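Working notes, structure below.
The values are calculated or read from the model by the stated rules, or taken from the named source; none is laboratory data. Since this is a predicted model, take the numbers as computed values, not measurements. Glycine gets a Cβ as well: all are built from the backbone with ideal geometry, and neighbour counts include every protein chain shown. SASA here: full protein model, heavy atoms, side chains in, ligands and nucleic acids out. Shrake-Rupley method; radii C 1.70, N 1.55, O 1.52, S 1.80 Å.
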Amino acid sequence: MTLPTLEEYRPMKVLLVEDNVPDVVLIKEAFKESKRIIQMTVARDGQEAIDCLKGGGHFKAPLLPDLVLLDLNIPKKSGFEVLSEIKNDSVLHDVPVIVLSNSSLDTDIQRAYDSHANFYIIKPPDLEHLFTAMRYVEKIWLGGSLK
């Protein structure tokens, strides 16, 4: 029997940038099945995401997340603008950013990768596939288990 490491007990910080409340609820629900402790912060628009990451606005301190889940179609600053700001910031540029978007346009996917997104997921059409996608995110990007 292998004992868990301290790293496995460390809460994983995830910034979810999503303005659609039902999507927020479903994504949070999907991560409840995680074997890891997930501390999820939600930003409802692009400006709030940047404020959260840099400690501006109503955020008292900057958040350095383990992962950013980023919708592209968000108010105030687009997901592409947020992605660009993250990847061009000396403190944030190594934070993995996974685009989670309804857009399946090749141009959007290519633009996201050209802007250094780490991965692109087209939002699954049903709950089962969303949960599967979030288990994948946990396994690959948060060091979790697919069990």
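Data for the structure
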{"read-out": "Net dipole in debye of segment 6-141 [+1 Lys, Arg Cβ; -1 Asp, Glu Cβ; about Cα centre; nearest 20]", "value": "360"}
{"read-out": "Where the chain is the region considered: accessible area per residue in Å², 1.4 Å probe", "value": "56"}
{"read-out": "Amide H partners (placed H, <5 Å) of PHE119, local residues excluded", "value": "VAL97, VAL99"}
{"read-out": "Cα lying deepest toward the dipole's positive end in the chain, options PRO75, PHE131, ALA61, charges on Cβ", "value": "ALA61"}
{"read-out": "From the coordinates shown, Cα extents along the principal axes in Å corresponds to which of (i) 52, 37, 23; (ii) 48, 36, 27; (iii) 50, 33, 32", "value": "(ii)"}
{"read-out": "Flagged links, alpha-carbon separation over 23 Å, of LYS28/LYS123; LYS13/LYS54; LYS76/LYS123; LYS54/LYS87; LYS35/LYS76; LYS54/LYS76", "value": "LYS35/LYS76"}
{"read-out": "Solvent-accessible surface ranking, highest first, for HIS93, HIS116 at 1.4 angstrom", "value": "HIS116, HIS93"}
{"read-out": "Nearest-10 value in Å² for the accessible area of LYS13, using the 1.4 Å probe", "value": "70"}
{"read-out": "Mean separation of Cα contacts under 8 Å, 6 or more apart, over the residue count of the chain: relative contact order %", "value": "22"}
{"read-out": "Surface share of carbon and sulfur [accessible, 1.4 angstrom probe, percent] for segment 6-141", "value": "53"}
{"read-out": "Cα-based shape type of segment 23-78, given that a ≥ b ≥ c are square roots of the gyration tensor eigenvalues and the cut on a/c is 1.5", "value": "oblate"}
{"read-out": "Structure-based [θ]222 nm, the chain - -39500 (n - 2.57) summed over DSSP H runs of at least 4, per residue, nearest 500", "value": "-11000 deg cm²/dmol"}
